[in-house]
1. Along segment 275-284, what does the Karplus equation 6.51 cos²θ - 1.76 cosθ + 1.60 (θ = phi - 60°) give for ³J(HN,Hα), rounded to whole Hz, x for Gly and Pro?
2. Just to confirm, what accessible area per residue do you get for the chain at 1.4 Å probe, in whole Å²?
3. Please list, ordered by chain and number, the residues whose modelled amide H lies under 5 Å from the amide H of C73; skip anything fewer than 5 residues away on the same chain.
4. Rg(Cα) of segment 293-344 divided by 2.2 N^0.38 Å?
5. Any number yet on Rg/Rh for segment 106-212, C-alpha, Kirkwood?
6. Hey, what number do you get for the chain at 222 nm if only DSSP H runs of n ≥ 4 count, each worth -39500 (n - 2.57), divided across all residues, to the nearest 500?
7. Sticking with the crude label model, points 7 Å out along Cα→Cβ, report the distance from E78 to Y49 in nm, one decimal please.
8. Could you tell me which GluC sites (Glu not before Pro) in segment 1-36 are loop residues by DSSP with no more than 15 other beta carbons within 10 angstrom of their beta carbon?
Amino acid sequence: MHEEFPPLKHSIYFNTAYVGLMPMLLYEFRQAHDQNYFLKGDLYKLDAYATFEKKGESVASFFGAAKNQTILCSNFSESIRFALHMLPKSMRFLILEEDYPSLKLAVKEAGFESSEIPVSQTLETDIETFIKNKKIDALALSVVQYISGIEIDQDFLIELKKKHPDLLIIGDGTQFLGTAPFNFAKSPFDVLAASGYKWLMSGFGNGVLFFSDYFKALINKSHDQIIEKYYVGHFNILAIASLAKGIEIIKARGFSKMLDRKKHLTTLLQNGLLELKLISPLILNRKKHSSIFSIPDKKDLFEKLTEKNIRCAQRGGFVRISLHFYNSEKDVEVLLSFLKDHAI
């Protein structure tokens, strides 16, 4: 895959949770798009607006959402704030202490009363207990936690929704979309927003926002009214087109095959980290885990990995390792061997 993803030629790339690599096909597509703008001027914009609805339908379909449940947006942070600001200010939120700062800040900026609980080994049980004992109107959390890689059990959320049908469930899908099959219509989420530059490998400046019929009823607005409110002024034509193209590339190469490969590599890495006793207690007994792992940043680990061109990230006192389908068994072996040799 070195020709398709040039950074793989000179590094071991375990940093998709920070930035996903851009496929060669998307790079070529974006070059042609900019050339079109350069050569056609106003016609470029007219052509883009004419095909915008079709792009929206294609993206919505890939994620199992209806066209009238989907907005193509610029990023997670902007779109989640847009959604939250339409909700009644009397709503009381439950959020997670270690969650993505932009999500937590969006809840606070919108003026909602909120409670926080820590991410623990019994996360789902803790959420259910808190909601049972306290008056909570909305649960907002990342589907995959950006530091620990813990993936919330969506079956749990579905059951939680059955027990509390008035509970609004809001998700940050940035570290999730592109890592597993997802059908918004069958999911427990009423609002889910995500940026496209990580696991969807679609470049910067694009994302998706999904909202359920319950959300629309709660804010007393139709899809057309929401759309009219969101699309004030122009949008980034290249970025939105890149999201649609990125998903087209994923579908063409076989999404299920990509996921099978990523799952295989994740299992190899998890087993190796388990053997080295570097698996966090938070994820030891969970049924399912993402492909994000965090290792304590001891003995200048991050600097040493960087020196070896093993690309990763520092987050919260940990070195975060994240792998995607374009990684290899050799990548995993090199990392595990390095960790073993340095007695991390």
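The values are calculated or read from the model by the stated rules, or taken from the named source; none is laboratory data. Computed from a predicted structure; not experimentally measured. Neighbour counts are summed over all protein chains in view; Cβ atoms, including those assigned to glycine, are modelled from backbone coordinates with ideal geometry. Note: areas computed on protein heavy atoms with side chains; ligands, DNA, RNA excluded. Shrake-Rupley method; radii C 1.70, N 1.55, O 1.52, S 1.80 Å.
1. Taking θ as phi minus 60°, the curve returns 5, 8, 6, 10, 7, 5, x, 4, 10, 4 Hz for segment 275-284.
2. Numbers: 16060 Å² over 344 residues.
Here the per-residue accessible area is 47 Å².
3. G207, V208, L209
4. Working: Rg = 10.5 Å, N = 52, 2.2 N^0.38 = 9.9 Å.
Dividing the Cα Rg of segment 293-344 by 2.2 N^0.38 Å gives 1.07.
5. Values: Rg = 14.0 Å, Rh = 14.7 Å.
Ratio value, two decimals: 0.95.
6. On the way: 12 runs with 150 residues, N = 344.
That comes out to -13500 deg cm²/dmol.
7. Output for this residue pair reads 1.8 nm.
8. Working: sites: E3, E4, E28; in loops: E3, E4.
Hits after loop and neighbour filter: E3.
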